[in-house]
Amino acid sequence: MAMVEQKGRAKSTPSERERVLREVNEQSVKFIHLWFTDIEGHLKSFSITPAELEGALDDGMGFDGSSITGFNAIEESDMVAIPDPATFQLMPNGDVKVARMICDVVTPDGEPYDGDPRNVLRRALDRMRSMGFDTFNVGPELEYFLFKDDQGTEPLDEGGYFAMTTMDAASDLRHDTVKALESMGIPIEYVHHEVGPSQHEIDMRYASALDMADHTVTYRLVVKEIAKKAGFHATFMPKPLFGENGSGMHTHQSLFSEGKNAFFDADDEWHLSAVGKAFIAGQLHHAREISAVFAQWVNSYKRLVPGYEAPVYVAWSRRNRSALIRIPLYKPGNEQATRAEIRCPDPACNPYLTFAALLHAGLEGIEKGYELPAPMEQNLYKLSPEERKERGIVALPETLGEAIDELAGSELAKKALGDHVFSSYVKLKRKEWDDYRVQLTPWEMENYLGVL
Ligand code: GLU
Ligand code: MG
């Protein structure tokens, strides 16, 4: 795509704008949805008619940013959304033809807006380019549950991992979802039932980080909409069922430079280059500080507990799924496939901020030459606290409160998010934690009321 990178946002070329206008005309599109996300990654959308599109492509469309979580307060709330022509896609099967475009948010002077998560990711990619890499490839594996409705957690089936029986009532739904995603230019690789009852996973083919963040917000909407049409509820809540696996968003990552995988070294015992090792070391080193970004909800920390294939301890490994970062062994020694899989993010994160924070943490490791500790191949859940201490293994934050304290004190997080997002995020998430920690839970009532 012939994009001219300019001050943190892609300035589209006249030919790209013409292509979009032509398609709208040829396909008789009636509405164009303009999308962006708030600071927590909720999709925001407003619609324009084709008559407005040319102006929108050139100068953007104004909107009031004061009601968008994490954007500016009322005093400076005029914002402009500029649709990125590369993201033009027809929405799947409606009666009326509707397209969507994802926007960069700018100020009325045309400057990239600091509070726009897409801009946060663009800035991370600028840092990557300044260090000599051209592509950050990511492949997130989003898991989700399907329930009868949004009032409870009644599952549709009791199928387990890779289940392919009539118990898997949701197979057709998964296939419809895949069809819809592919029709929107999102190629899919793996589709399967996950370990939990009524838990599913649809894996998108890896893509560069900005495209993938756009794909991820689209994926969440499409999964939810198709479930809803069938009368069900899809949720990306990290831990909806007590005693069952939660939903993760394991993210496979690699850095490329001129078509070469910078993580690969054929001669290394793990096939990892010095760059790959330092990148992983950076993510391990800063994992606790950016945890509030990749696991942003109170509920995220109910997933990050021992025993459910989710990581708890800050360590890396080749095969061990209890480690935070894994070097998958599916195709050992294959240059294109060499990658680091980070297992702590969950699918309810803001993907723009998550990919930006992960990239910054890895780049920090490369820039500062962090040493990669030895891999931990044993099941880390089984180590005693003393054994972990001996090996220098720390744990992720146990609560959102602890994660926010770590984030608030992190220079790296401040650099990654930028001052505006950093301070609004800390404020917002602290409030979430404060609201939660004063609640009385059924567990307390059951365990205390009668006996204390
Ligand atoms: N659902 C697990 C998690 O919370 C992961 C299961 C898997 O290995 O795919 O991360
Ligand atoms: Mg999975």
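Figures for the structure shown
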quantity	calculated
Point-charge dipole on Cβ atoms (K/R +1, D/E -1) for the range 255-295, about Cα centre, debye to 20	220
Virtual spin-label span in nm between Lys148 and Arg321, 7 Å along Cα→Cβ	2.9
The chain - charge dipole about Cα centre, Lys and Arg +1 at Cβ, Asp and Glu -1, debye rounded to 20	520
Positive-end extreme of charge dipole, the chain - chosen from His33, Ala403, Phe133 (charges on Cβ)	Phe133
Label-point separation in nm, Asp126 to Asn447, each point 7 Å along Cα→Cβ	4.9
Unit charges at the beta carbon, dipole of the chain: most positive-side option, Pro197, His215, Val426	Pro197
Gain in span if fully extended, Lys229 to Arg205, counting 0.36 nm per residue against the direct Cα distance	6.1 nm
The range 303-397: GluC sites (Glu not before Pro) in DSSP loop, at most 11 other beta carbons within 10 Å	Glu371
Dipole moment magnitude, nearest 20 debye, the range 8-54 about Cα centre, only Lys, Arg, Asp, Glu C-beta charged	80
Mean accessible surface per residue for the range 7-145, computed with a 1.4 Å probe while every protein chain stays in place, in Å²	42
Charge sum, other residues only, whose C-beta stays under 10 Å from Asn245's C-beta, Lys/Arg counted +1 and Asp/Glu -1	-2
Residue-span extension gain [Glu387 to Glu371] - 0.36 nm each, minus C-alpha spacing	3.6 nm
Alpha-carbon centroids, the range 319-362 and the range 100-146: separation in whole Å	18
Calculated FRET value between Thr13 and Ser77, using beta carbons and R₀ = 35 Å, to 0.05	0.70
Simple label model, 7 Å out from Cα along Cβ direction - Ser45 to Val96, nm	1.3
Pairs of lysine residues in the range 238-380 - Cα separation under 22 Å, sequence separation of 8 or more or cross-chain	5
Net +/- balance of residues flanking Val298 in space, Cβ distance below 14 Å, scoring K and R +1, D and E -1	0
At least 24 Å along the helix axis (C-alpha) and Kyte average at least 0.0, DSSP helices within the chain	274-294, 351-368
Calculated [θ] (222 nm, deg cm²/dmol) that DSSP helices of n ≥ 4 give over the chain, each run adding -39,500 (n - 2.57)	-11000 deg cm²/dmol
Listed residues Tyr436, Asn334, Ser300: farthest to the positive end of the dipole of the chain (Cβ charges)	Asn334
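The values are calculated or read from the model by the stated rules, or taken from the named source; none is laboratory data. The structure presented is a predicted model; accordingly, all values stated were derived computationally and were not measured. So basically every Cβ, Gly included, is an ideal-geometry build from the backbone, and we count neighbours across all protein chains shown. Ligands, DNA and RNA are stripped out before the accessible areas are found, and what is left, the full protein with its side chains, is counted by its heavy atoms. Shrake-Rupley method; radii C 1.70, N 1.55, O 1.52, S 1.80 Å.
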